[in-house]
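K.L.:
First the structure, then my questions, so here it is.
The values are calculated or read from the model by the stated rules, or taken from the named source; none is laboratory data. Given the structure is predicted, the values throughout are model-derived calculations rather than measurements. All Cβ positions, even for glycine, are placed from backbone atoms using ideal geometry, and neighbour counts span all protein chains on display. Areas reflect the complete protein model, heavy atoms only, side chains present, ligands, DNA and RNA absent. Shrake-Rupley method; radii C 1.70, N 1.55, O 1.52, S 1.80 Å.
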Amino acid sequence: MDMRFTPDELAFRDEVRAFLKAELDPALARKVRLHHELTKAEMEGWHAKLQAKGWLAGNWPTEFGGAGWTPIQRHIFEEESARAHAPRIVPFGIAMLGPVLQKFGSKDQQDHWLPRILNGDDWWCQGYSEPGAGSDLAGLRCAALRDGDHYVVTGQKTWTTLGQHANMIFCLVRTSTEGKKQEGISFLLIDMDSPGVTVRPIVLLDGTAEVNEVWFDEVRVPVANLVGEENQGWTYAKYLLTHERTNIAGVGFATAALDNLQRVARAQVHRGQPLSQDPLFAAQLAEVEIELMAMSTTNLRMLSLAAQGQAPGIESSMLKIKGTQIRQRLDVLTRRAYGGQASALPTLGNEGPDDAEEALSATATWLNNRKLSIYGGSNEIQRSIIAGALAKG
Amino acid sequence: MDMRFTPDELAFRDEVRAFLKAELDPALARKVRLHHELTKAEMEGWHAKLQAKGWLAGNWPTEFGGAGWTPIQRHIFEEESARAHAPRIVPFGIAMLGPVLQKFGSKDQQDHWLPRILNGDDWWCQGYSEPGAGSDLAGLRCAALRDGDHYVVTGQKTWTTLGQHANMIFCLVRTSTEGKKQEGISFLLIDMDSPGVTVRPIVLLDGTAEVNEVWFDEVRVPVANLVGEENQGWTYAKYLLTHERTNIAGVGFATAALDNLQRVARAQVHRGQPLSQDPLFAAQLAEVEIELMAMSTTNLRMLSLAAQGQAPGIESSMLKIKGTQIRQRLDVLTRRAYGGQASALPTLGNEGPDDAEEALSATATWLNNRKLSIYGGSNEIQRSIIAGALAKG
Amino acid sequence: MDFQLSDDHRMLQDSLRGILTRHTGEALWPALVEAGMPAALLTEDEGGFDGSGAAIALIFQELGRAGVALPLIPAMIAAAAFAQAGQHAEDGAALAFADAEPGTRHDRGVAISVQGDRLTGRKTMVAGAEGAAAILVTTADALWRLAPDAPGVTIRPYPMLDGQRGADLILEDAPATRLGAIADFGGPLARGVLAHSATALGAITAAVDLTLDYLKQRRQFGQPLIAFQALAHRMADLAVEVEQARSAVTNLSGHLDADPALRDRHVQACKVTVGRVARLVAEDAVQLHGGIGMTEEYALGGMIRRLLAAETAMGDADWHLERFARGEPAFA
Amino acid sequence: MDFQLSDDHRMLQDSLRGILTRHTGEALWPALVEAGMPAALLTEDEGGFDGSGAAIALIFQELGRAGVALPLIPAMIAAAAFAQAGQHAEDGAALAFADAEPGTRHDRGVAISVQGDRLTGRKTMVAGAEGAAAILVTTADALWRLAPDAPGVTIRPYPMLDGQRGADLILEDAPATRLGAIADFGGPLARGVLAHSATALGAITAAVDLTLDYLKQRRQFGQPLIAFQALAHRMADLAVEVEQARSAVTNLSGHLDADPALRDRHVQACKVTVGRVARLVAEDAVQLHGGIGMTEEYALGGMIRRLLAAETAMGDADWHLERFARGEPAFA
C-alpha cells in the first residue's frame, strides 16, 4: 500500500497547476467561485483553451482525440481545476455522449460527431427526464415513430441542463410499447434547429435558468441519427450512468468549498475573535473536513480499482450520497457563517448591499446545490441501488 | 392559553413530593438510579406503600379502587416518581390488564381479578410476542383449542418482561385460523402454575434477565378465563396499546437522566475544568435539554387533549419516537462523559473498579435502553403508523 | 394547564384566516389594519389592545403559513421598545428595526460603533427601512432611536429572501437617541423572536402539508410516492419534528412574561428548535419533491426561502445554543 | 498511488484468516505466536519484523472481525515505546499500557500525579495488567515504565466490555522510570490508535454483515425484512459509512510515518470517523435486529460491546475532534 502519488502523477499535477495559472482568467475564476452563471462564450472559451492543450477530453482514448488519462490523472485534473475555480467542462458532449458513441456508435457517427464535440461545432444537451416520470426514468413516453428514413418524434423532455445553448440533443425515446418498459427505448441524436423543437427555460430558486423544458412536435430525425440498435437505448443509457462518473464524489468541488468556508470563518467575527476559533463552529468545520478526508480516500480507492480495470459497481452510488452530503453540509455552514447577511435575495443585480456578493453567493449556492442530491438519480434511488446489490450479494 | 399548573395540581405535586420523601427508602432509590435489578420483594413493597396511600392505580376509576386521577395528575405523579428514582409501578396488572378488564371483562372477572391486582395477590405478565413474529404481532401462532370447559393452549411466547416473578399471564392466543390473521385471536388469562407452563429467562447484553421465554405444552385453561368474546382479542389488544400510554414519552425518566448527566458533567474533569464547561460538551447537553423542553410540552399538550376526552391518535407514536431518541441520546452522552471508565463490563459483582459503579451503570443503561426503541412497537412501526395516518388524513 | 386559545383569540384567528383567504397583494394590508391586526401585537400601554404571547404566536403563524411578506415584526419590536422607553411612535407610523450586521453571524457592535450620541457603521437586512418614520437600532449593548432623514444616514434597499424589502443602513456620525441598555429590553426583543419563530412555524407546516399532498398525488413506478416506505418514514419524522417546533413556540409564547432568566431560556430554546426544524424541513421538502421543488414557479420555493430567512433572523440556532449552553441571557 | 496489499501482507492475511478459522480459545494464542503475529506488529528495531501501518491495520481488522480478545494492542504500544526509549522488553514478555483515568474522558494527569520518579494515583481499564512483566504508564505529559511488583502498586482486575481482562492500577508513591515526554512518543501511540480503530473496523464489518444476513433471512408480514424500503435504505447508509471508516483507517495506516503534524491529523480524523461509525453501527445493528439483537446468546452482542469499548479507547470521537479543531497535536 502506498498513498503517495507517483513521480509521474506529481509531475502531471504540477503541469495542471501551471496550466491553470497561465490560462485561467482571474475574473472568470471569480465568477465560478461565486457561482455566477457563465455565458456561453465563457464556457466555449475555456473549452477551446483546454482543447488547444489536448486536455478537453481527458476521459477519451487518444485514438478519438482524447488525452487518454488514467483515472488518477482525471482525478488530479478535476481536483486542481475545481480548487482553482476553473469552469467545469460541460459534460454532455465530452463526458456523456462521447463515450457512448465510442462504444456503441457506428464508424460514420464517430467520424462525424466526435471531432465536432472537441472543436466546439456542436453544443450537446441531454434529453432523458420527462415531466411526471421523476426517478422512474424507464417510464418515459416521448415517442419516435418510424416513417421511411426518419423517426417522427413527439413528446417532452425536462431538466435539460444548458439546453438553451445547445444545437444538438441526445434523447431517450420510446420506439416500442411492447414488453418491459425498459425494452422499447432508443437512443436518438436530434438537431435542435429542426422544425417542431421548442425550448423553454425553467427558473430555479436561486434565480438561474440553467435547466429547460424541451418539446418535440412531430420532429423529423434521420434514421442515421439512431445510436446502436433500435430498442436497445436503455443499455446505452445505463452504460453512460455507471461508467462516466469518476467525478461523482465531487471531491474537488467540496475541497474548494471547504477552502472558501475556512476563509470566511477566519474573516467573520464572533465574540471579538475570528469565527473559526469559536469552539462550536470550529468543531462543525472539523467534522466536515474529516468527512472529506475520508471520502477523498474512498474516491481514490475506487479510482484505483477502476485503474485496474475493475468495473465500478455500487461504489459510484456510495460516492454520490456521501459527496452530496458533504457539499450540502458545507453550503449550510457557509450560509451560517454569514449570519443575517445571507438573508438577501441572491438574484440582486446591482441593487444589493455593498460587499455582500459573497454572502449572496452562499445563499445562491445553498439553493442551487439542493439539486446535487436530486439529479442523476436522487440519493433515494442511489440507496435503493446499494440496498438491491446488498440484498443480492 | 395558560402553561401554569392549577393550584389543585400544584397541591397534588407537593403531596406527591412529600409522600416520596417520607416513604421512598434512599437505598432503594439508589438501586433504581443505578439501574440495578430490583428484587420481587422490593417491587412488591413499593406497590404496597402506594396501595396503602390509594395511589397504586392512579389510572383506574375510583369505582374499581383506583385513584381516578386526571391525565395531568398522572403525569405529575410519574414525573415526580421518576425524578425521585422511585421504582416504576410494574405495568402489567395496573396499567395494562386492569383497563382491559374494566372495559371488556365480565362482572365476575372484574370482581375476582381487579382487587387481587391491587392487593398484590397476583403478579401479572404479558404474553403477546412470539419468536419469529417480531413486529408482526398479529402473525401469532400460540394455539388455544376448545375442549369442553377448557382451552388447551400450546405454543410459545417471548420477551415476557418480569415473567419469572409472575403467577398469572394474559395472552393473545389463536382460536381460529380462518379469515384475516387479526380475526382469530383471543385474550386469555392463564395461571402460570398450571402443568405444562415453562419459563426460561433470556439474558440480555447488560447481564440482566428481566425478559423470559414462556412455553405452553397442552396447558388447560378454564373457559371462564376468556376475556370478552372469542376471536375478538385483537380489539382488546389494540385498546390496550393505544389507551394506556400516558407515560409513553418518558418525560420523567428523561428528566432524571438529564439531571444525572448534568451532575456527572460537573464532576468530570476536562482541561482542568468541569466537563460541563467544555463548549462542545455543553452544547450537546444543551441540545438534548432543549429537545426535552419541547417534548415535555408536546406531552402536556397531548395530555391536555386527553383530559378533554379527545382520543389519542398518532400522538402516542410521535411521543414514543421522540422520547426514545432523547433518552438514548442521554445514554450516549452519559457514557461519553465517563470516558474510559465506561469500558468495564457492567455485570461486575464485587470485583469491579472502586467507585466505578456509576460509570458501569451508564454502560448498563446504554445497553438496556436500546429496548426503548424496539419494544411496544418499534420506532419503525411507529413511523409506519404515523405515515399511514398522514396518507389517509 | 390549558393550551386552548381563548375565545377572543379564536375570533382573531378566524378573522385573520378569513382575510388571508379573501385578500392578497395591495388589498391585504388595509384589511389587516381594519381587523386590528397590528394593534393586536401591542399592549394597551403600547397603544394596542393585546400584545400577549398567544396573540403574537397565532397571528404570525397564520401570516407565515400564508406567506405574507409585510414588515410587521420590526414594526412591533420598535413600537414596543419605543413605548417602553416612553417614546411612543405616532399611531400607524411605519417603524423599522436594524439589528443584523455584516461581518458576523449575529454579534452586535461589530460593524457599528458609538461616539457620544452618534452612530457610525453599517446595519444590514433592515426590513421596512424605506419609508419608515423611525428606526430602532442596536449597538454593542444599547438600543437607539434613529430618524431615517437624520444627517449621515444612507439607506440602500434590496429584496430579501422572505419577499420583503430590506436595506443596508449606512451611518456616518448619525445622531440618534439612546433608549437604554439592550439587557433592559428583553421583553420587546423576546416578542420579536416569538414572531419570527411563529412565522417560521407557519411556513414549516405549509411546506410539510404541501409535501405530503405531493407525495399522495404523485405516482412513480406505479404507486403514489407516499407508498414508498423510506419516503413515508421521512414524512413521519418530519411530523414528529413539527410538533417539537410547535411546542417550542408554545413554550416561548407562554413564558413571555416569566422571570427574565426563564424567558430567555425559552427564547434560546425556541430559536434552536425552530431553526433546526426549519432547516430540516427546507431540505427534506425539496428533496422529497425532487426537481419540481427547486423551481421558481412552484409554491414550495417561497416557503423554502422564508424558512432560510427565518432561520437566521435575530440569531441562528447555533448562536443561541451557545448562549443557552453558557447560561447567558438572550439579549445583552 | 496503490491501495493493494503487498504480497507479504496478503500472505499474512491469509495465514491469519486460516488460524482464526481453525483455532479458538486457549489454542489461539500459541498459533498466532507461531505464525509470527505479535512480531509482525513491531519493526526490526523493536524486535519484530514489520510494524508497518498496513500490517497493523490488516491484523487488527481480522482480529476485530473475529472478535478475538487478547491484549495485543497494549503490548504493541508498550514494546514500541520501550524500544524507542532504548529499554527493550524481553522477547515474548507480556506488557501492559495504563492510559485511561477515572474522573475524565481521556485527559491525562487528572487522577495520577508525579513526584520525582514516583507515581501516585489511579489508572483504569488497564488491559493485560495481570501477569504483565512491565507496564507503560502515561501521566500529564510523560511516559513511564512501571514494574507491577514494585512497592506501592496494587492491581484490581475485572472483566471489560471487549471480553479482555482489565484492571485498575492503584499507585502509592510507586517508583517508575521516566521514558520521556508524551509528545516524543507520537509514533507508538499513533500505532495504538490505528490498532484500536482497525479492531473497531473489523467489528463494524462483522456487525453490518450479520445484520444484512438477518434482514435477508428474517421474514415479517410475508416478506424478508430487507424488502422493507426504510430498512433497506438504512443498510445502504450503513454501507456508505463503513466505507468512510475504512478510508479513515487507510489514511492513518498510510500516514504513520508522515510528518508528525499530518500524522496526528489522521490520528484524530481516524478516531472521529471510526468512533462515529462504530456508534452508528452499534445502534442501528441492534435496532434493525429488534429484540434478538439485545440478547446475550446471539452473536451481535459481543460485537456491540467491542464497538462500545473501541469507541472510547485512547480518547473518544469528541475528545479528538476538539483537538483537531484546535489544531493541537494528538499526543501531548
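K.L.:
From the mean inverse distance of alpha carbon pairs (Kirkwood) and the Cα radius of gyration, derive Rg over Rh for region A:245-392.
P.N.:
1.05
K.L.:
Next question. Checking the table A:Lys21/A:Lys322; A:Lys21/A:Lys320; B:Lys157/D:Lys216; A:Lys238/A:Lys392; A:Lys107/A:Lys371; A:Lys238/A:Lys320 against a 27 Å threshold on Cα-Cα, which pairs fail?
P.N.:
Check vs 27 Å cut-off fails for A:Lys21/A:Lys322; A:Lys21/A:Lys320; A:Lys107/A:Lys371.
K.L.:
Just add up the charged neighbours of A:Arg301: K/R +1, D/E -1, any other residue whose Cβ is under 9 Å from the Cβ of A:Arg301. Display every interim value, and only then the final one.
P.N.:
Numbers: positive: D:Arg246; negative: A:Glu315, D:Glu243.
Overall, the nearby charge balance is -1.
K.L.:
Report the Stokes-Einstein translational diffusion coefficient (µm² s⁻¹, integer) for region A:1-151, Rh taken as the Kirkwood radius over Cα pairs, at 4 °C with viscosity 1.567 mPa s.
P.N.:
Rounded, D is 73 µm²/s.
K.L.:
For region D:1-28, which residues drop by 30 square angstrom or more in accessible area between the chain on its own and all protein chains together (1.4 Å probe)?
P.N.:
Residues of region D:1-28 that lose at least 30 Å² of accessible area once the other chains are added: D:Met1, D:Asp2, D:Phe3, D:Gln4.
K.L.:
Just in region C:13-83: which GluC sites (Glu not before Pro) are loop by DSSP and have at most 13 other Cβ atoms within 10 Å? Mind dumping the intermediate values first?
P.N.:
Numbers: sites: C:Glu26, C:Glu34, C:Glu44, C:Glu46, C:Glu62; in loops: C:Glu44, C:Glu46.
Answer by residue number: C:Glu44.
K.L.:
Please list the radius of gyration and Dmax for chain D, considering alpha-carbon atoms only, with Å as the unit.
P.N.:
Here Rg and the maximum Cα pair distance are 20.0, 71 Å.
K.L.:
Okay, next question. Placing +1 on the Cβ of each Lys and Arg and -1 on the Cβ of each Asp and Glu in the protein assembly as shown, which of B:Val153, A:Leu97, D:Ile19 has its Cα farthest towards the positive end of the resulting dipole?
P.N.:
B:Val153
K.L.:
A further question on this structure: Looking at the calculated P(r) for region A:131-183, what percent of the C-alpha pair distances fall above 15 Å?
P.N.:
Everything past 15 Å amounts to 55 percent.
K.L.:
Share of Cα-Cα pairs in the protein assembly as shown beyond 56 Å, in percent? Mind dumping the intermediate values first?
P.N.:
Values: 293830 of 1050525 pairs.
The proportion of pairs with Cα distances above 56 Å equals 28 percent.
K.L.:
Mind pulling the per residue volume of the convex hull built on the Cα atoms of region D:184-326? Å³ is fine. Please report the intermediate quantities before stating the final value.
P.N.:
Values: hull volume 13.9 nm³, N = 143.
Dividing the Cα hull volume of region D:184-326 by its residue count gives 97 Å³.
K.L.:
Also, I was wondering about something else. Probe radius 1.4 Å, ligands and nucleic acids ignored: give me the carbon and sulfur share of the accessible area of region C:93-175 as a rounded percent.
P.N.:
Values: 1290 of 2680 Å².
About 48 percent, which is the carbon plus sulfur part of the accessible surface.
K.L.:
Same structure again: Can you give me the P(r) profile for region A:123-231? Cα pairs, bins 10 angstrom wide beginning at 0, each as a whole percent.
P.N.:
Distribution as computed: 16, 49, 29, 6, 0 percent.
K.L.:
What nm distances, shortest first, do you get from the label point of B:Lys238 to those in the other copies when the point sits 7 angstrom along Cα to Cβ?
P.N.:
4.3
K.L.:
Name the chain B residue nearest the rotation axis between B and A, going by Cβ position, and give the distance in whole Å.
P.N.:
In chain B, the Cβ lying nearest the symmetry axis toward A is B:Pro279, 2.
K.L.:
Which Rg and Dmax, in Å, describe the Cα atoms of region C:207-275?
P.N.:
Answer for region C:207-275, Rg first and Dmax second: 17.3, 57 Å.
K.L.:
Please get the size of the charge dipole for region C:93-175, origin at its Cα centre, with Cβ charges of +1 on Lys and Arg and -1 on Asp and Glu, quoted in debye to the nearest 20.
P.N.:
Charge dipole, region C:93-175, about its Cα centre: 80 debye, nearest 20.
K.L.:
Select from region A:139-169 all residues whose loss of accessible area on going from the chain by itself to the full protein assembly reaches 20 Å² or more (probe 1.4 Å).
P.N.:
A:Trp159
K.L.:
From largest to smallest, what semi-axes in whole angstrom does region A:80-135 give when each is the square root of 5 times an eigenvalue of its alpha carbon gyration tensor?
P.N.:
Each semi-axis is the square root of five times an eigenvalue, giving 22, 21, 10 Å.
K.L.:
Where the only charges are on Cβ atoms (+1 Lys, Arg; -1 Asp, Glu), what is the dipole of chain C about its Cα centre, to the nearest 20 debye?
P.N.:
900
K.L.:
What's the average, rounded to a whole number, of partner chain beta-carbon atoms within 10 Å of each residue's beta-carbon in B:275-285?
P.N.:
6
K.L.:
Tell me: how much accessible area in total is hidden between A and C, 1.4 Å probe, Å², nearest 100?
P.N.:
Working: alone 19350 and 15470 Å², together 30430 Å².
Counting both chains, the buried surface is close to 4400 Å².
K.L.:
Still on this structure: Carbon and sulfur together cover what percent of the accessible area of region A:123-231 at a 1.4 Å probe radius?
P.N.:
Answer for region A:123-231: carbon and sulfur cover 48 percent of the accessible area.
K.L.:
Rounded, prolate or oblate: which fits region C:93-175 when a ≥ b ≥ c are the square roots of the eigenvalues of the alpha-carbon gyration tensor, with rounded for a/c under 1.5 and prolate only if a/b beats b/c?
P.N.:
Because a/c hits 1.5 or more and a/b fails to exceed b/c, region C:93-175 counts as oblate.
K.L.:
Name the chain C residue nearest the rotation axis between C and D, going by Cβ position, and give the distance in whole Å.
P.N.:
Result for the C and D rotation: C:Gln229, 2.
K.L.:
Another question, if that's okay. Select from A:Ser317, A:Asn368, A:Gln268 the residue farthest towards the positive end of the dipole of region A:245-392; place +1 on Cβ of Lys and Arg, -1 on Cβ of Asp and Glu, and compute about the Cα centre.
P.N.:
A:Ser317
K.L.:
Moving to a separate point now. Using the 7 Å Cα-to-Cβ label point, sort the distances from B:Arg263 to its equivalents in the other copies shortest first and give them in nm to one decimal.
P.N.:
Its label point is 5.2 nm from the equivalent points in the other copies.
K.L.:
Another question about this same structure. Region D:1-122: D in µm²/s via Stokes-Einstein (Kirkwood Rh, Cα pairs, 20 °C, 1.002 mPa s)?
P.N.:
Details: Rh = 16.3 Å.
D, rounded to a whole number, is 132 µm²/s.
K.L.:
For chain A, I need the span (max minus min coordinate) of the C-alpha atoms along each principal axis, in Å, sorted largest to smallest.
P.N.:
76, 53, 48
K.L.:
Right, next: Taking every residue in D:111-119, how many Cβ atoms of other protein chains lie within 10 Å of its Cβ, on average? Before the final figure, lay out each step's value.
P.N.:
Working: counts 1, 0, 0, 0, 0, 0, 0, 0, 0.
So the per-residue partner count for this stretch is 0.
K.L.:
Same structure, new question: Mind putting a number on the dipole of region B:1-71 about its Cα centre? Charges go on the C-beta only, +1 for Lys and Arg and -1 for Asp and Glu, and I need it in Debye to the nearest 20.
P.N.:
Approximately 320 debye in magnitude.
K.L.:
At 7 angstrom along the Cα-to-beta-carbon line, where would the label on C:Glu34 sit relative to the other copies? Give the distances in nm, shortest first.
P.N.:
Counterpart label points of C:Glu34 in the remaining copies fall at 9.8 nm.
K.L.:
Accessible area drop of at least 50 Å² (1.4 Å probe, protein heavy atoms): which residues of region C:264-300 qualify, relative to the chain alone?
P.N.:
C:Arg279, C:Glu283, C:Gln287, C:Met294, C:Glu296
K.L.:
Here is a further query. How much accessible area per residue does region A:123-231 have, in Å², with a 1.4 Å probe?
P.N.:
Heavy-atom accessible area per residue stands at 40 Å².
K.L.:
Shifting gears a bit: Tell me, what is the per residue accessible area of region D:131-225 in Å², probe radius 1.4 Å?
P.N.:
33
K.L.:
A further question on this structure: Around B:His36, what is the net charge, scoring Lys/Arg as +1 and Asp/Glu as -1 over all other residues with Cβ under 13 Å from its Cβ?
P.N.:
-3
K.L.:
A follow-up question, please. Could you give the distance between the Cα centres of region D:276-319 and region D:141-198, to the whole Å?
P.N.:
25
K.L.:
Where in chain A lies the longest segment free of trypsin sites (Lys or Arg not before Pro) that are both loop residues by DSSP (not H, G, I, E, B) and have at most 12 other Cβ atoms within 10 Å?
P.N.:
Segment A:5-179 is the longest.
K.L.:
In addition: On average, how many beta carbons from a partner chain sit within 10 Å of the beta carbon of a residue in A:295-302?
P.N.:
5
K.L.:
Based on Cα positions only, what radius of gyration and what Dmax would you give for region C:7-66, in angstroms?
P.N.:
Taking only Cα atoms of region C:7-66, I get Rg and Dmax of 11.0, 32 Å.
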